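Notes for the one structure printed next.
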Amino acid sequence: MTIASAALLLFLILDPLGNVPVFLSLLRGLPPQRQRIVLARELLIALAVLMLFLWGGKYALELMHLRQESVSIAGGIVLFLIGIRMIFPPPEGLMGEIPDGEPFIVPMAIPLVAGPSGMAAVMLMGSNDPDRLGDWSLALLIAWGATAAILFSATLLYKLLGRRALTAIERLMGMLLVAISVQMFLDGLGTYLQIAPP
């Protein structure tokens, strides 16, 4: 996997366009300057969490005696469920009921930006090819930077595209995530079948 393809995969998983309406509703009650501060804080927390999973994922797997293929299968299942919810969103929204007040960590940083599928994806990258942690960190920074740029211009994007266009884009990204999740599941299953005792 190249840095560009890893960055694209992570960008799709982070789903900034799908998060635009949710972030706008979460920040609606705050003054514009405070909105930018909160958004920057939450994005930095999400980046720190993803970096932690990228660099510490291998050791976490060893500590919990988990094999890489089990994380790949679990990540594929979680990603599949999120993709399905993006295509067919429930009435209460993608992440369910949203608490009132200024958001802190939940739900903006986790799970909207650094969700279970993103954590599983970076953990797999880091544990599958630990010699390329620098490449994966760069890919994560590119994906995070693009995500931050989109979320900081959320109000403008919402005005330009409108809710209908954003919904259509989110469903298209959901379709891509479902395809990626199936591939992750099949990769994990294929690896398990190769190394499983007869």
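The values are calculated or read from the model by the stated rules, or taken from the named source; none is laboratory data. This one's a predicted model, so the numbers in the text were calculated from it and none came from an experiment. Because the Cβ atoms are built from the backbone with ideal geometry, glycine has one as well, and the counts that use them run over all protein chains shown. When the accessible area is computed, the model is the full protein with side chains, heavy atoms only, and any ligands, DNA or RNA have been set aside. Shrake-Rupley method; radii C 1.70, N 1.55, O 1.52, S 1.80 Å.
Of all residues being acidic (Asp, Glu) and at pLDDT below 85 in the range 98-135, which is surrounded by the most Cβ atoms within 10 Å (Cβ to Cβ)? Just the residue, please.
Among those residues, the one meeting the criterion is 102.
Looking only at the range 173-186, filter to residues that are among the hydrophobic types (A, V, I, L, M, F, W, C) and modelled with pLDDT of 85 or more; which one of those is farthest from the chain's Cα centre (by Cα)?
Ranking the candidates gives 186 first.
If residue 21 meets every condition in (1) farther than 30 Å from residue 164 by Cβ; (2) surrounded by fewer than 21 Cβ atoms within 10 Å (Cβ to Cβ); (3) touching a residue at least 40 places away in the same chain (Cβ under 8 Å) apart from one, which number is that one?
If we test residue 21 against (1) farther than 30 Å from residue 164 by Cβ; (2) surrounded by fewer than 21 Cβ atoms within 10 Å (Cβ to Cβ); (3) touching a residue at least 40 places away in the same chain (Cβ under 8 Å), just (1) comes out false.
So, residue 12, is that one closer than 19 Å to residue 173 by Cβ, touching a residue at least 40 places away in the same chain (Cβ under 8 Å) and under 11 Å from the mean Cα position of the chain (by Cα) or not?
yes
So, in the range 136-173, exactly how many residues are hydrophobic (A, V, I, L, M, F, W, C), open to solvent by 20 Å² or more (accessible area, probe 1.4 Å) and farther than 30 Å from residue 185 by Cβ?
Adding up the residues that qualify gives 7.
Tell me, please, whether a residue that is modelled with pLDDT under 95, within 17 Å of residue 174 (Cα to Cα) and either open to solvent by 40 Å² or more (accessible area, probe 1.4 Å) or of a type in the set (A, V, I, L, M, F, W, C) (or both) can be found in the range 30-37.
No, because not a single residue in the range 30-37 is modelled with pLDDT under 95, within 17 Å of residue 174 (Cα to Cα) and either open to solvent by 40 Å² or more (accessible area, probe 1.4 Å) or of a type in the set (A, V, I, L, M, F, W, C) (or both).
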